[in-house]
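The values are calculated or read from the model by the stated rules, or taken from the named source; none is laboratory data. Predicted model only: the values in this text are computed from it and were never measured. Positions of Cβ are backbone-derived with ideal geometry, glycine not excepted, and every protein chain shown enters the neighbour counts.
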Amino acid sequence: MDEQVVLVEHHGPVAVITLNRPEALNAQSRALMAQLMAAFAGLGAETRVVILTGRGRAFCAGVDLKELSSTDAILQAPDEEVGAGHTRFGMAVFHGPIIAAINGFALTGGLELALCCDIRIASTAAKFADTHARVGVIPGGRMTALLPRVIGLSRAKEMSLSGRMIDAQTAERWGLVNRLVEPEALMDEAMALAQDIARNDPGIVLPLNALIEANYGMTYADAIDNEHIASRDANQRFQSAALDPAAVAARMRASQQ
């Protein structure tokens, strides 16, 4: 039986996915990546929010270089058209929000993994680095697309070109993470946020999350137009449903929970 290097727990509408290779700082082995993709692919409609975290001292230390150097494996096949960045490391099949609960080191591919999540909450013990330049690899998991958008062009260049590590306080100041909490409170904070999101109307949360993502890549003027179209179409459907007494009662019950 294969070792379980990715664990999945369900807490009502929230799933917690934990990288479980603490002795290897949760490095991205082939087994871990396969199980991570399977974990997201296996989530049902009852799961509205996911928390992604790591066990031990690390969130994720990136690609398992020891495994890579000891096999004939390569990072990407020459004819590969859809890579880790396009699939968000397998997360793209799940359409709900994903919260990264960053418990420790988030390095290189592990930093990419955190960036691919929608929201990032970090322990005060977390540390971050992009060491692609040190190991001689061009990023393939959205690093050059997301990091400048999150922390700014100059700071992204500082991190990626130097390979220097930054602490949790710097990460918060730069906007790399939403906020910091003490290590023992990390999962409680992430779960509280996840439950707040899960209590909202999934018929709004899912398209709203997608709309924010899409509009972020547009010009300001195009984003306004895109929001207008999405709002008009969605709200027309909502107004039609609003006439249904059962739907009205259901929304009232949900708002009181």
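Key figures for this structure:
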quantity: Test: residue in the stretch 29-48 that is modelled with pLDDT of 95 or more, among the aromatic types (Phe, Trp, Tyr) and part of a helix (DSSP H, G or I); calculated: yes
quantity: Pair list, Cβ under 7 Å, 6 or more apart: the stretch 194-220 residue free of Cβ contacts under 8 Å to residues at least 60 places away in the same chain and farther than 15 Å from ILE98 by Cβ, other residue exposed (fewer than 13 other Cβ atoms within 10 Å of the Cβ) and of a type in the set (S, T, N, Q); calculated: ARG199/GLN257
quantity: Candidates PRO183, PRO148, filtered to the one that is touching a Ser or Thr at 6+ places or on another chain (Cβ under 9 Å), in the same structural domain as HIS86 (by TED's automatic domain parsing), surrounded by fewer than 17 Cβ atoms within 10 Å (Cβ to Cβ) and farther than 28 Å from ARG55 by Cβ; calculated: PRO148
quantity: Residue within the stretch 138-150 that is in contact (Cβ under 8 Å) with a residue 12 or more places away in the chain and farther than 23 Å from GLY90 by Cβ present; calculated: no
quantity: Answer residue from the stretch 17-32, given it is out of contact with any Asp or Glu (no Cβ under 8 Å at 6 or more places or on another chain) and surrounded by fewer than 20 Cβ atoms within 10 Å (Cβ to Cβ) and is nearest to GLY56 (Cα to Cα) among those; calculated: PRO22
quantity: Filter pass, ALA133 being touching a Ser or Thr at 6+ places or on another chain (Cβ under 7 Å) and either closer than 20 Å to ARG30 by Cβ or not in a helix (DSSP H, G or I) (or both); calculated: no
